[in-house]
Amino acid sequence: MSALLGDMEPAEAESVYFNEYPPPKALPKHEALARAFIDLHVADNRRVVLVTSGGTTVPLEAQTVRFIDNFSAGTRGATSAEYFLQEGYAVIFLHRQYSLLPYSRHYSHSTNCFLDFMDEAAPAADSPNAHGSIQVRSEYQDEMRDVLRKYRYAKQNNRLLLLPFTTVAEYMFELRSLAKLMRPLGPNALFYLAAAVSDFFIPRHRMAEHKIQSSEIPANLENNSALDSEEIYTGENETQPPKNSKKLVVNLDPVPKFLHRLVDGWAPEGSMVVSFKLETDPSLLVYKARTALQRYSHHLVIGNLLSTRKWEVVFITPDPPHERWLRVPKARRSKSISGMEDQVGLAEIMKGKGEEHPSQM
Ligand code: PAZ
């Protein structure tokens, strides 16, 4: 395959891309889970949102030791999923493995480790050698009870399906399958694409099979103690440096833009597609978000800057006002008891609780 996937027509790029990669091992299991989940909610005429969350990786080796990662903790996706659940949606949460999850995000990772919320109660007076029961500290009880109830409700009522991915190829396979499975939902389907998807990758046919080596492999390997050393350079692959160089030159192709295929082919008729655009340069954000909306003709692009993403987003829509800024008011930006900063969530924004950007009013 010599032509760049990015230069091909979307349908051709789709067939070339998906033929080159084996489907992820977990795909059949994920499809079965998703099919059952969707059938249940089709029968109940419930709206279903596919929330994508977290960053995709680009492996440098087929047997992957090194990979390039995309920034995203999963806060936007996990927070928004909670708001969607609150609004009565069933949520398929397609997320980067080990990134933040709805509800448990309040008590995970090192900044808000669940152990900091617990205490051991004093043992009963008549058996002082017994262990005290583990309890949530009194100051966290109300907030944790609230989170726990919502979590239990979502679980017991089959409202939340968690499906993990790691690489960009896994993400693409999962997205395509889920979108097609969601077809029976028609206009009850919503796509909320908050995942940070890699723009560049190494195509499978150019990828090194084994760990890329940083020093030359001796011609005669037998009885050579150099084999025990950490890094040995094989020099066989395009991603390898010229012999005697210590540099690793990585040559990446553009990832095909499958949003086109999602909107025009995979997603159900009448469904709504919302995508996100992340930038770091404020002067590019609106331009890039508008360009994405024009290119893919979907319903909404939500733009955000890396530095202000937790309290400020811009909505770019095909209809007036075309550009609308929303901010979490300063007073609500402070940390909650559980240590999570408040975030702009879609359902909240739609209910108009965000603040308009002063320059747009
Ligand atoms: O997961 P997080 O809360 O740390 O970050 C969210 C985000 C910035 C990845 C998301 O809001 C976003 O913009 N996603 C799309 C990224 C992109 O342009 O590919």
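Descriptive notes on the structure:
- Across the range 154-165, a minimum of one residue is classified as more than 30 Å from VAL250 (Cα to Cα), within 16 Å of the ligand (Cβ to nearest atom) and in contact (Cβ under 8 Å) with a residue 60 or more places away in the chain.
- Residue match in the range 40-63 (condition: away from the ligand (no atom under 16 Å from the Cβ) and free of Cβ contacts under 8 Å to residues at least 40 places away in the same chain): yes
- Residue in the range 153-176 that is of a type outside the set (Ser, Thr, Tyr), over 24 Å from ALA26 (Cβ atoms), surrounded by 15 or more Cβ atoms within 10 Å (Cβ to Cβ) and over 20 Å from the mean Cα position of the chain (by Cα) present: no
- Exactly one residue among ALA179, ALA195 is in contact with a helix residue (DSSP H, G or I) (Cβ under 9 Å, 6 or more places away or on another chain) and within 16 Å of the ligand (Cβ to nearest atom), and that residue is ALA195.
- Residues that are assigned by TED's automatic domain parsing to the domain that holds GLU279 and surrounded by fewer than 17 Cβ atoms within 10 Å (Cβ to Cβ) number at least 3 in the following helices (runs of 4 or more DSSP H) confined to the range 1-109: 10-20, 27-43.
- Test: THR291 is more than 11 Å from the ligand (Cβ to nearest atom) and surrounded by fewer than 20 Cβ atoms within 10 Å (Cβ to Cβ): yes
- Residue match in the range 83-96 (condition: in contact with a Phe, Trp or Tyr (Cβ under 6 Å, 6 or more places away or on another chain) and either closer than 29 Å to LEU278 by Cα or in contact (Cβ under 8 Å) with a residue 24 or more places away in the chain (or both)): yes
- Some residue of the range 79-88 being more than 25 Å from ASN45 (Cβ to Cβ) and of a type outside the set (A, V, I, L, M): yes
- VAL255 falls short of the stated requirement of being of a type in the set (Val, Ile, Thr), touching a helix residue (DSSP H, G or I) at 6+ places or on another chain (Cβ under 9 Å) and at pLDDT 95 or above.
- Taken over the range 18-68, the criterion of being at pLDDT 95 or above and among the acidic types (Asp, Glu) is satisfied by GLU31, ASP39, ASP44, GLU61.
- Candidates in the range 64-84 are the residues that are more than 16 Å from the chain's Cα centre (by Cα) and within 19 Å of LEU252 (Cβ to Cβ); of these, the one that is farthest from the ligand (Cβ to nearest atom) is VAL65.
- Meets criteria (modelled with pLDDT of 95 or more, within 13 Å of the ligand (Cβ to nearest atom), within 21 Å of the chain's Cα centre (by Cα) and not charged (D, E, K, R)) for SER271: no
- The set of residues in the range 186-219 that are under 19 Å from VAL273 (Cβ atoms) and in a helix (DSSP H, G or I) comprises GLY186, PRO187, ASN188.
- Scanning the range 306-334 for residues that are surrounded by fewer than 17 Cβ atoms within 10 Å (Cβ to Cβ), of a type in the set (A, V, I, L, M) and within 14 Å of the ligand (Cβ to nearest atom) yields one hit, LEU306.
- Test result for VAL136, of a type outside the set (Asp, Glu), under 24 Å from PHE84 (Cα atoms) and at pLDDT 90 or above: no
The values are calculated or read from the model by the stated rules, or taken from the named source; none is laboratory data. Computed from a prediction, not measured in an experiment: that's the story for all the values here. Note that we place each Cβ from the backbone using ideal geometry, even for glycine, and neighbour counts take in every protein chain shown.
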